[in-house]
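Enquirer: Quick one: the structure is below, and I'll ask about it shortly.
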Amino acid sequence: MSVAAGSQIASPEISFSSGGDSTIRRRLLLSLIFKWVCRLMTYGALAVLAVLLTSIVWNSLGRLSPGFLVNHYSMNPARCGILAGVWGTFWLVLLTACFSIPIGVGSAVYLEELARDNVIVRVIKVNLSNLAGVPSIVYGILGLTAFRPMTLFLQELFDGRHAINVMGLFRVRLLQLEIFDGNVLVGAMTMSLVVLPTVIIASQEALRAVPSSIRIASLALGATRWQTIWRQVIPAALPGISTGVILSISRAMGEAAPLMMIGVLTVASMCPGGIESPLQLITNPTRVLSVPFDQFTAMPVEIYDWSKQPDPQDRFTAVAASGIVVLLVVLLLINATAMIIRAKTARGLKW
Amino acid sequence: MKDREAACLSGQWFDVEGGADMAERNSGLSVPPSVRGVDRNLDTSSHAAAIDVRNMNFYYGEHQVLFDISLMVPERSVTALIGPSGCGKSTFLRTLNRMNDLVEGTKCTGECLVEGQNIMDPAVDVVLLRKHVGMVFQKSTPFPKSIFDNVAYGPRVAGEKNRSVLADLVESCLRKAALWEEVRDRLHTSAMALSGGQQQRLCIARTLATNPRIILMDEPASALDPASTDRIENLIGELCANYTIVIVTHNMQQASRVSHQTAFFFKGHLVECGPTMQIFTSPSEKQTEDYITGRFG
Ligand SMILES: Nc1ncnc2c1ncn2[C@@H]1O[C@H](COP(=O)(O)OP(=O)(O)O)[C@@H](O)[C@H]1O
Ligand SMILES: [Mg+2]
């Protein structure tokens, strides 16, 4: 029986070996060529990247040392360090996260879960990806014109007397603050504009990945819409949201253009709030309050500045390369954190 | 009729002790024996109406899918909705706890009285209604949380915080859903690790935890293997002593096994509704008979 069936299948008309047919052979050859072209392009890109990284690391070798992390800017390349940039970037990213996470995740929840599907919502959804594609310098211009004047206003509010009249009734003594131009607050607000579109899009995608059966089941159990969002949808989307948000906010770390636009320092010999080591956060916590209003610089701005320093012996190249290495290491650490979060939390979430 | 006779001869529709069904066998009309707990000779005419639908029409946008449905569901009994797919059974079921509100652009006219209250009234609080009228879906949808948290979800969103009250409730609901023995040692492990049949019973337990009076089930066993299907059917038999159950099924043997009353839907119309024994042995409409005997659908 089976022998008979076998002999029927092996009819000469149908053959699955590609040996005989020339058109099939040509197609196979084409797909092979295509595969190799793709492979070469990938490896080519990787090779270029490897060369770049090696040259940067090579350049930094003589200069990169623990001292580089704890020294301030100096005209002497051998003593120049990135301390102000590290702290500036830290506060910038922290404040940016404080602004963009609630606004971004909130907007995503509104757009995906609450908004009815009307023209306005559709226009917003389509234009989010357009906003994400806007060059960051444009947001810098916006920050310059919209947020920086705020500094003047705050300055008046906190002027010399450190006190304001509340409706002419009583005077409130405010903290002794000096408001600087191009401060951390303005920088963080500008940076929030840069990252918000991607934060929203990443959160939207994470929310959309939550199956609607979960929402329906929750509503059917007598949960309100809000309870459903808060207790089911957001927890289920949280791994996706947090990885997406971390990755988009880490973008704020590498941006120099919008910061240059709002006028941050390029040569800084002080850290925001005068905080130079984590220990001071504990010993002198009130200093943190003045951080948002202080001048600052950031790692990419410093790197940019070093790379164009006129130096006859080109010694600042090594400083710039060291700065790039520090920035890359921080970025890699953050991306690794995002991957760990995803791997850890995604385990219990299989639909 | 051929199929049913063949099944009759092979005896697969009869169990040996099926005393209540002897009469039907002798009369030549065959209906599979009911599950334990479902007495199909129960006279439900004395039961109060848990659900009373009057002249209901339902539209998805312009598209009308239910036409002038009037149906009474007696309390503490099982009503099965049968009919070919696309005839509006699920839509009808969802109107009973206003889950259709979630679909935009729907319209529903007529009256639907649940325990005497017209739930189509816009003033009705759907959150309270859905606690009262629970629902179990075709595809089991456990939340990606622990077994305990799944069952405790309904009471928790209703405001119950006391841990020992919740623990008691979870245990009693899992017992009622015949799942306690299987999961008692792993209440705090993920519900996603349960088998399909266990997940569906968990969904039933979860529904019971909101303390509903009425339970709607939309093809609760159609994605399950025969053994799990069996357990779900037996569970329905146990639950119907205390709950009113409306079940949609495309499996007519299942409908005849678990229900007191059967309603046959066709193209959005309620063709016939009556005691299950009568629908399956002597339907008064030709369409019903054709469908039951497998001539279409
Ligand atoms: N969300 C919806 N939007 C529009 N039409 C729907 C929707 N759900 C169901 N329908 C339509 O309503 C009719 C009845 O569907 P349904 O109630 O799911 O039938 P059944 O459960 O009996 O298979 C079908 O024609 C289907 O196409
Ligand atoms: Mg259906």
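Enquirer: Among the numbered conditions (1) closer than 30 Å to residue A:236 by Cα; (2) free of Cβ contacts under 8 Å to residues at least 24 places away in the same chain, tell me where residue A:54 comes up short.
Expert: (1)
Enquirer: Can you tell me which of (1) modelled with pLDDT of 90 or more; (2) within 16 Å of ligand 1 (Cβ to nearest atom) is the one residue B:223 doesn't meet?
Expert: If we test residue B:223 against (1) modelled with pLDDT of 90 or more; (2) within 16 Å of ligand 1 (Cβ to nearest atom), just (1) comes out false.
Enquirer: Please go through segment B:67-100 and pick out each residue that is within 14 Å of ligand 2 (Cβ to nearest atom) and assigned to a strand (DSSP E or B).
Expert: B:80, B:81, B:82, listed by residue number.
Enquirer: Follow-up. For segment B:182-223, which positions are within 16 Å of ligand 2 (Cβ to nearest atom) and in a loop (DSSP other than H, G, I, E, B)?
Expert: Passing the criteria: B:219, B:220, B:221, B:222, B:223.
Enquirer: Shifting gears a bit: What residue, of B:127, B:103, is within 16 Å of ligand 2 (Cβ to nearest atom), surrounded by fewer than 19 Cβ atoms within 10 Å (Cβ to Cβ), at pLDDT below 95 and within 14 Å of chain A (Cβ to nearest Cβ)?
Expert: The conditions single out B:103.
Enquirer: Given the conditions (1) within 30 Å of residue B:54 (Cβ to Cβ); (2) more than 16 Å from ligand 1 (Cβ to nearest atom), report the number of the one that residue B:105 does not fulfil.
Expert: Here residue B:105 clears every test but (2).
Enquirer: Given segment A:219-284, what helices (runs of 4 or more DSSP H) lie entirely inside it while holding 3 or more residues that are farther than 30 Å from residue B:125 by Cβ?
Expert: Passing ranges, in order: A:234-254, A:257-262, A:278-283.
Enquirer: Right, next: Could you pull out the residue among B:62, B:75 that is without any contact (Cβ under 8 Å) to a residue 12 or more places away in the chain and out of contact with any Lys or Arg (no Cβ under 6 Å at 6 or more places or on another chain)?
Expert: B:62
Enquirer: Which members of segment B:82-97 meet the condition of being more than 6 Å from ligand 1 (Cβ to nearest atom) and within 14 Å of chain A (Cβ to nearest Cβ)?
Expert: Matches in segment B:82-97: B:93, B:94, B:95, B:96, B:97.
Enquirer: Of all residues in segment B:154-183 being touching a Ser or Thr at 6+ places or on another chain (Cβ under 9 Å) and farther than 25 Å from residue B:234 by Cβ, which is nearest to ligand 1 (Cβ to nearest atom)?
Expert: B:157
Enquirer: Which residues, counting only those in segment A:299-314, are in a loop (DSSP other than H, G, I, E, B) and surrounded by 16 or more Cβ atoms within 10 Å (Cβ to Cβ)?
Expert: A:309
Residue-wise test of (1) aromatic (Phe, Trp, Tyr); (2) modelled with pLDDT of 90 or more.
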site	(1), (2)
A:93	no, yes
A:96	no, yes
A:117	no, no
A:137	no, yes
A:150	no, no
A:154	no, no
A:160	no, no
A:180	yes, no
A:189	no, yes
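Enquirer: Say whether the condition of being surrounded by 24 or more Cβ atoms within 10 Å (Cβ to Cβ), among the polar types (S, T, N, Q), within 14 Å of chain A (Cβ to nearest Cβ) and over 20 Å from residue B:84 (Cα atoms) is met by at least one residue in segment B:191-201.
Expert: yes
Enquirer: Just for segment B:152-173: of the residues that are within 10 Å of chain A (Cβ to nearest Cβ) and assigned to a helix (DSSP H, G or I), which one is farthest from residue A:232 (Cα to Cα)?
Expert: So the residue we want is B:155.
Enquirer: A further question on this structure: Mind listing whichever residues of segment A:202-214 are assigned to a helix (DSSP H, G or I) and either over 26 Å from residue A:103 (Cβ atoms) or more than 8 Å from chain B (Cβ to nearest Cβ) (or both)?
Expert: A:202, A:203, A:204, A:205, A:206, A:207, A:208, A:212, A:213
Enquirer: Of everything in segment B:154-173, what is hydrophobic (A, V, I, L, M, F, W, C) and surrounded by 13 or more Cβ atoms within 10 Å (Cβ to Cβ)? Give them in sequence order.
Expert: Matches in segment B:154-173: B:157, B:158, B:166, B:167, B:169, B:170, B:173.
Enquirer: Within segment A:87-121, can you find the residues that are more than 14 Å from chain B (Cβ to nearest Cβ) and over 16 Å from the mean Cα position of the chain (by Cα)?
Expert: A:87, A:106, A:107, A:108, A:109, A:110, A:111, A:112, A:119, A:120
The values are calculated or read from the model by the stated rules, or taken from the named source; none is laboratory data. It should be emphasised that the depicted structure is a prediction, and the values quoted were computed from it without experimental measurement. Glycine also receives a Cβ, built like all others from the backbone with ideal geometry; neighbour counts cover every protein chain displayed.
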